[in-house]
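A quick write-up on the structure given underneath.
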Amino acid sequence: MGSGEEDTGGGGGAVRGAVLKALVVVGGVLLLRRLRRSTTRWDHARAVADALSGEKFSREQARKDPDNFFNLRMLTCPATEMVDGSRVLYFEQAFWRSPEKPFRQRFYMVKPCPKEMKCDVELSSYAIRDAEEYKNFCDRQKDQRPQPEEVIADIAEHLTTIHLSRCGRGKRCLYEGSTPPEGFPNNWSGASYCTSDLSIHKNGEVHIWDKGFDDEGNQVWGTKVGPYEFKPAPKSKYDDMFSPLNFSAPLSLEKLDKAYVIDDQ
């Protein structure tokens with residue numbers, strides 16, 4: 001009987017082992033499918049659109065280097081979706097103290113890169129046909145915003161396109177990319193063309209470096225020391241109510257011209 005009990009135990013152990021192996025195999029297959037799904041072209045586009053969305057500030061840079069950076073608010077939110085699945089986002093930037101007066105407004109169109117290109121996501125910016133109508137779009141109730149069909153009709157001229165790729169292992173970023181070296185036409189403040197670099201980071205930061213150049217390649221607007229680093233808005237803004245940044249002297253247009261572009265259309 002003893003040996004019979006041992007045989008039964010051994011058989012049970014073998015069965016349990018087989019079951020565990022089967023579960024591991026099934027789990028591995030499911031995980032592999034999930035990973036494959038998470039790296040489709042459209043999943044990358046959705047990830048970038050989601051990362052760009054929300055309220056972000058450059059307040060830390062303004063504290064550390066007020067000579068080169070302003071405390072800006074970047075606000076982005078979904079506006080509509082095109083028939084082909086491309087996501088259209090509304091984007092605006094304003095000074096922290098006057099968010100109701102954005103100095104830059106854009107539509108972003110986010111979609112996968114064409115299959116023949118070695119990139120993951122194509123991010124294009126467009127002017128807005130009636131920008132005044134879209135001020136503080138993201139802050140309004142949905143029924144008080146221009147509706148999706150109006151958004152599509154108000155997408156005006158193409159401004160820039162950035163091709164984003166997944167960042168390599170060991171980097172802090174998730175996606176990064178730039179406009180082509182030759183940039184895109186731009187005639188603001190003596191420029192003849194402009195370039196943009198953008199990176200999306202794991203902590204929710206978005207780094208943007210926009211620059212304008214004249215015909216001879218001299219930079220005429222945009223920061224020269226590095227990109228603006230926009231960090232997600234904290235849960236509470238009360239910490240910044242008494243910040244010296246919010247009580248500083250009025251900004252001079254001369255300083256602003258050199259450090260940041262107000263309207264690069």
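The values are calculated or read from the model by the stated rules, or taken from the named source; none is laboratory data. Because the structure is a prediction, the values reported are computed rather than measured. Ideal geometry is used to build each Cβ from the backbone, glycine not excepted, and the neighbour counts take in all protein chains shown. Accessible surface is based on the protein model in full, side chains and every heavy atom, while ligands, DNA and RNA are left aside. Shrake-Rupley method; radii C 1.70, N 1.55, O 1.52, S 1.80 Å.
Observations on the structure shown:
- Total residues in region 74-99, condition free of Cβ contacts under 8 Å to residues at least 40 places away in the same chain and within 15 Å of ARG145 (Cβ to Cβ): 2
- Some residue of region 131-154 being open to solvent by less than 40 Å² (accessible area, probe 1.4 Å), closer than 24 Å to SER178 by Cα and in contact with a strand residue (DSSP E or B) (Cβ under 6 Å, 6 or more places away or on another chain): no
- Selection within region 87-124 - surrounded by 21 or more Cβ atoms within 10 Å (Cβ to Cβ) and among the charged types (D, E, K, R): ARG87, GLU92, ARG106, LYS111
- ASP84 acidic (Asp, Glu), over 19 Å from the mean Cα position of the chain (by Cα) and surrounded by fewer than 21 Cβ atoms within 10 Å (Cβ to Cβ): yes
- CYS173 meets the conditions (1) closer than 22 Å to CYS77 by Cα; (2) open to solvent by 20 Å² or more (accessible area, probe 1.4 Å) in every case but one. The failed one is (2).
- Positions within region 226-254 being open to solvent by less than 90 Å² (accessible area, probe 1.4 Å), part of a loop (DSSP other than H, G, I, E, B) and modelled with pLDDT of 50 or more, in sequence order: GLY226, PRO227, ALA233, PRO234
- Residue count for region 57-77, restricted to those that are open to solvent by 10 Å² or more (accessible area, probe 1.4 Å), touching a Leu at 6+ places or on another chain (Cβ under 9 Å) and under 19 Å from ARG140 (Cα atoms): 1
- Lone qualifier among ALA49, ALA127 - being surrounded by fewer than 17 Cβ atoms within 10 Å (Cβ to Cβ), within 17 Å of THR160 (Cα to Cα), in contact with a strand residue (DSSP E or B) (Cβ under 7 Å, 6 or more places away or on another chain) and touching a residue at least 60 places away in the same chain (Cβ under 8 Å): ALA127
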